[in-house]
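Enquirer: Pasting in a structure now, in structure tokens, and then I'll have a few things to ask.
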């Protein structure tokens, strides 16, 4: 029975590929590549001459049958432009179709940008959520953040340089000033992994214009041992009110610390402001 091999390719440094992956790319009858021009660079480097066809978001319906036909004759490899195929590309649909058609699927592991960033982040790795690219529009980003803001798991996103600063701003506004690792150009000459808070990351990349592809690894919501009392919440609010912190930002900050919902804290803040104004 023929096999579809999911072959991980380098995410930057062409040396980051296994001997098994190279052997497989040389032995299969066909390589389905996200971008044949990108894959050609890798094949030329290692003197591999296997035929390639493109398989990407815009031609996946047309190419699907071609891949299935090729599996009738022998093994096929699927590769993405960089990293592990079927993550953030239409590969998973091909995998599903191949399984349904009765062929075998085998993964040849290797480079994966989200995992590379996660293990270098210094944040918990035992439980995490990978959510791909952040939504392009502000409203969609904030909606997503509100849905996941209470998860205690480490969060992983991809982002483009053009949207990085606006995304960092939205993340800080919705999640609070959590710890983050911002990884760019992983395995390449100009690799950088910034560690700090979301606010510090935004300031850093404001001074240093973003370049390259980014992976954001963000701390989950802290798991509190006990919920704060009203007295504790009021004391924290009074401390920051004296510093002139905006109400919405203050409510978000105290909610993250206290285990209370933002609406609860905001209501208590309004009551506190009402008491102060009536004096």
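The values are calculated or read from the model by the stated rules, or taken from the named source; none is laboratory data. These numbers were taken from a predicted model, which means no experiment stands behind them. No Cβ is skipped: glycine too gets one built from the backbone with ideal geometry, and neighbour counts run over all protein chains shown.
Enquirer: What number goes with the only condition from (1) part of a helix (DSSP H, G or I); (2) modelled with pLDDT of 80 or more; (3) under 21 Å from residue 178 (Cβ atoms) that residue 272 does not pass?
Expert: (3)
Enquirer: In region 169-186, how many are closer than 20 Å to residue 262 by Cα and either in the same structural domain as residue 250 (by TED's automatic domain parsing) or under 14 Å from the mean Cα position of the chain (by Cα) (or both)? Explain how you work it out, then say what you get.
Expert: Going through region 169-186, the residues closer than 20 Å to residue 262 by Cα turn out to be 169-179.
Going one step further and asking which of them are either in the same structural domain as residue 250 (by TED's automatic domain parsing) or under 14 Å from the mean Cα position of the chain (by Cα) (or both), we end up with 171.
Selection size over region 169-186: 1.
Enquirer: Among the listed residues 86, 127, 101, which satisfies the condition of being on the phi < 0 side of the Ramachandran plot and assigned by TED's automatic domain parsing to the domain that holds residue 39? Outline the logic, then answer.
Expert: Working: 86 fails: on the phi < 0 side of the Ramachandran plot; 127 fails: assigned by TED's automatic domain parsing to the domain that holds residue 39.
Just one listed residue meets the conditions, 101.
Okay, residues lined up against (1) in contact (Cβ under 8 Å) with a residue 60 or more places away in the chain; (2) surrounded by fewer than 18 Cβ atoms within 10 Å (Cβ to Cβ); (3) more than 28 Å from the chain's Cα centre (by Cα):
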| site | (1), (2), (3) |
| --- | --- |
| 4 | yes, no, no |
| 12 | yes, no, no |
| 29 | no, yes, yes |
| 35 | no, yes, no |
| 49 | no, yes, yes |
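Enquirer: Would you check if residue 188 is closer than 27 Å to residue 87 by Cα and either out of contact with any helix residue (DSSP H, G or I) (no Cβ under 7 Å at 6 or more places or on another chain) or in contact (Cβ under 8 Å) with a residue 40 or more places away in the chain (or both)? Don't jump to the end; show me each part of the working.
Expert: Working: closer than 27 Å to residue 87 by Cα: yes; either out of contact with any helix residue (DSSP H, G or I) (no Cβ under 7 Å at 6 or more places or on another chain) or in contact (Cβ under 8 Å) with a residue 40 or more places away in the chain (or both): yes.
Yes: the conditions hold for residue 188.
Enquirer: Here is a further query. If only one of 14, 94 is modelled with pLDDT under 95 and in a loop (DSSP other than H, G, I, E, B), which one is it?
Expert: Values: 94 fails: in a loop (DSSP other than H, G, I, E, B).
Selected residue: 14, the only one of 14, 94 that is modelled with pLDDT under 95 and in a loop (DSSP other than H, G, I, E, B).
Enquirer: Out of all the residues in region 236-250, is one or more surrounded by 15 or more Cβ atoms within 10 Å (Cβ to Cβ), assigned by TED's automatic domain parsing to the domain that holds residue 123 and assigned to a helix (DSSP H, G or I)?
Expert: Scanning region 236-250 turns up no residue that is surrounded by 15 or more Cβ atoms within 10 Å (Cβ to Cβ), assigned by TED's automatic domain parsing to the domain that holds residue 123 and assigned to a helix (DSSP H, G or I).
Enquirer: Please give the number of the condition residue 132 fails out of (1) surrounded by 21 or more Cβ atoms within 10 Å (Cβ to Cβ); (2) under 22 Å from residue 113 (Cβ atoms).
Expert: Single failed check for residue 132: (1).
Enquirer: Also, quick follow-up: List, please: which pairs have Cβ atoms under 7 Å, are six or more places apart or on different chains, and start with a residue in region 100-117 that is in contact (Cβ under 8 Å) with a residue 40 or more places away in the chain and end with one that is exposed (fewer than 14 other Cβ atoms within 10 Å of the Cβ)?
Expert: 103/1; 104/1; 105/99; 108/20
Enquirer: Could you grab me the full set of residues in region 37-64 that are within 24 Å of residue 104 (Cα to Cα) and touching a strand residue (DSSP E or B) at 6+ places or on another chain (Cβ under 7 Å)?
Expert: 39, 50, 51, 52, 53, 54, 55, 63
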